[in-house]
2 protein chains.
Amino acid sequence: MAMQAEAKPLIERYGLQNIEGFFGEVPTELYRGIIAGKELCIVTLGRQHGVDLVGCEAATLATTLAINMLHPDMIINAGTCGAFKANGSEIGDVYLSEGPVMFHDRRIGDDPLGIQSLGNYPTYDAHQMAADLRLKLGKCTTGSSLDCLDEDLAIIKREGGMLKDMEAGAVAFVASVYKTPLICVKSVTDLIDGGEKTIDEFRRNLSMASNALRDACTKIIQYLFVDQPTLF
Amino acid sequence: MAMQAEAKPLIERYGLQNIEGFFGEVPTELYRGIIAGKELCIVTLGRQHGVDLVGCEAATLATTLAINMLHPDMIINAGTCGAFKANGSEIGDVYLSEGPVMFHDRRIGDDPLGIQSLGNYPTYDAHQMAADLRLKLGKCTTGSSLDCLDEDLAIIKREGGMLKDMEAGAVAFVASVYKTPLICVKSVTDLIDGGEKTIDEFRRNLSMASNALRDACTKIIQYLFVDQPTLF
């Protein structure tokens, strides 16, 4: 999870313990607990210069360290996102990632290098889980900015992106390299085609969306740890 | 270094050995040798799906692994870049990084989160080295695309960016977190304000710029390893 505000409701829900200094001098933070006999670790990007780290570089760093030091059976990239009214999305909706995770702001060209720059890293097939838990499904698309330029939008539309965030692509890149199964869980804070300024909408809805994210993650953890323990 | 084509002239210059599998299942590659009694490691981003990896996520992964597994005294991020005719830059010019390394495509806002998103991670003060080796100096600015949108250009101009690349910001983020001294060395493949399509100019000049990069890096290695061995 990226920001402290996104992770806090879930950390409190399970009473996870902050393992200070686990990642050494790196800002990345670890919260850990045992749930139904299994280890649950929440990794956040931590803070730098007094504010939360966000974005692809901090997410790549955290995911690389988490995989190398915690050896997870599965990664759940849980966070908030923007979505499209035109796709029927509403504020507070929670989605599981459907299909590969893409980038929408790495424009290199149309050759193999350009196709690689789109990412489209595989995710775990969450169709059954989404049906069982009554969660929506959508394709995650990642960029390094909170706004959405016309160039971003054109690529998102062309590739079928539905959930615009700032970390999933980076987490998916590292997870794919290490062949670690990944599910993205994204809670909608703002509607890209809703007409409001993203930063205002994001700030107003962050707390509500983070609570919705906690509730969905709680269901997912119950599903993976207790109801379907043989999945991993 | 990012691409094989950028690194090859320097690897051949020193006869460095490819240490296969050093980074395990990760595409990141290591080339190693002993120069004047000191270890020289070239780390490249490696290949995925048959093409070279480029960009900030692969650079973050490689830098994180390189620091944790090789414990370098100094990182030199050597590569190619775009530059501006208006600043007097010419194809094949080689620059050292001056001042902090920024990002030009992480737009979040004007608050502390937005300021953090610009990066501006510190680099080693290379003024003396640039004077001694007769290399130019310029501020590096990084983004995830080969093109340069008006939004990118506005941020580059406002922040004084001169050398536009696709990895330096990511390397500088990780280096700053681990407090590892960093110098960026950038060889100009294309002129952003030159009127030509970047991808064509980049392809045509990549080999020439990579040879110029090799010559500059050879001078820098001689300087750090032999002439000024007490600097690190």
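Be a star and scan the range A:13-41 for residues whose amide nitrogen sits under 14 Å from the point 7 Å along the Cα-to-Cβ vector of A:GLN222. Residues A:14, A:36 qualify, since their backbone N sits under 14 Å from the label point.
Looking at the protein assembly as shown alone, DSSP beta bridges between its own residues are antiparallel in about 50 percent of cases.
Evaluated with a Cβ-only charge set (Lys, Arg +1; Asp, Glu -1), the protein assembly as shown carries a dipole of roughly 520 debye about its Cα centre, given to the nearest 20. Dipole size of the range A:133-232 about its Cα centre, with +1 on Lys/Arg Cβ and -1 on Asp/Glu Cβ: approximately 460 debye, rounded to the nearest 20. Looking at the square roots a ≥ b ≥ c of the eigenvalues of the Cα gyration tensor of the range A:44-127, which shape do they give, rounded for a/c under 1.5, prolate if a/b is larger than b/c, or oblate? Here the range A:44-127 falls in the rounded category. Before anything else, pin down the relative contact order of the range A:142-191: Cα pairs under 8 Å, at least 6 apart, normalised by residue count, whole percent. Over the range A:142-191, the number comes to 41 percent. Calculated mean residue ellipticity, 222 nm, the protein assembly as shown: -11000 deg cm²/dmol, from DSSP H runs (n ≥ 4) at -39500 (n - 2.57) each, averaged per residue and rounded to 500.
Just to confirm the filter: which GluC sites (Glu not before Pro) across the range A:81-166 are DSSP coil and have at most 11 other Cβ within 10 angstrom of their Cβ?
Values: sites: A:GLU90, A:GLU98, A:GLU151, A:GLU159; in loops: A:GLU90, A:GLU98.
In loop regions of the range A:81-166 (DSSP not H, G, I, E or B), the sparsely surrounded GluC sites (Glu not before Pro) are A:GLU90.
When each full DSSP H helix of chain B is screened for a Cα extent of at least 27 Å along its own axis and an average Kyte-Doolittle hydropathy of at least -1.0, the helices passing are B:198-222. In this assembly of identical copies, the label point of B:GLY195 (Cα plus 7 Å along Cα-to-Cβ) is separated from its counterparts by 4.5 nm, sorted shortest first. For the peptides B:23-36, B:58-71, the ranking by mean Cβ contacts within 10 Å, running from highest to lowest, is B:58-71, B:23-36. Computed from point charges on the beta carbon alone (+1 for Lys and Arg, -1 for Asp and Glu), the dipole magnitude for chain B about its Cα centre is near 460 Debye. Summing charges over neighbours of B:ASP105, with a neighbour being any other residue whose Cβ is under 9 Å away from its Cβ, gives -1 when K and R count +1 and D and E count -1.
Classify the range A:26-76 as rounded, prolate or oblate from the Cα gyration tensor: take a ≥ b ≥ c as the square roots of its eigenvalues, call it rounded if a/c is under 1.5, otherwise prolate when a/b beats b/c and oblate if not. Prolate, because a/c is 1.5 or more and a/b exceeds b/c.
Relative contact order, whole percent, for chain A stands at 26, derived from Cα pairs under 8 Å and 6 or more residues apart. For chain A, build the charge dipole from Cβ charges (+1 Lys, Arg; -1 Asp, Glu) around the Cα centre, then report which of A:VAL26, A:ILE75, A:THR64 sits farthest towards its positive end. Comparing the listed Cα positions along the dipole, A:ILE75 ranks first. Let me test this: with uniform point scatterers at the alpha carbons of the range B:79-232, what is the Debye-based log₁₀ I(q)/I(0) at q = 0.14, 0.19, 0.20 1/Å? After summing over all Cα pairs, the log10 values are -0.67, -1.18, -1.28.
Shape class of the range B:149-223 from the Cα gyration tensor (axes a ≥ b ≥ c, square roots of the eigenvalues): oblate, since a/c reaches 1.5 or more and a/b does not exceed b/c. Label point of B:ARG158 (7 Å along Cα→beta-carbon): distances to the other copies' equivalent points are 2.7 nm, sorted ascending. Defining the label point at 7 Å along Cα→Cβ, can you sort the distances from A:ASN18 to the same site in each other copy, shortest first, in nm? Those separations, rounded to one decimal, come out as 4.6 nm. With no solvent and one point on each alpha carbon, what is the Debye value of log10 I(q)/I(0) for the range A:1-40 at q = 0.20 Å⁻¹? Debye output, listed in q order: -0.64.
One quarter of the convex hull surface built on the alpha carbon atoms of the range B:1-142 amounts to 10.8 nm², the projected area averaged over directions.
By the beta-carbon count within 10 Å of each Cβ, the least crowded to most crowded order of A:THR123, A:THR141, B:THR230, fewest first, is B:THR230, A:THR123, A:THR141. Taken residue by residue and averaged, Cβ atoms of other chains lying within 10 Å of the Cβ of B:58-66 number 5. The mean sequence distance of close C-alpha pairs (under 8 Å, at least 6 residues apart), as a share of the length of the range B:65-148, puts its relative contact order at 33 percent.
All of the numbers you see were taken from the coordinates with simple rules; none came from a lab. All values reported here derive from a predicted model rather than from experimental measurement. Every residue, glycine as well, gets a Cβ built from its backbone with ideal geometry; the counts of neighbours run over all protein chains shown.
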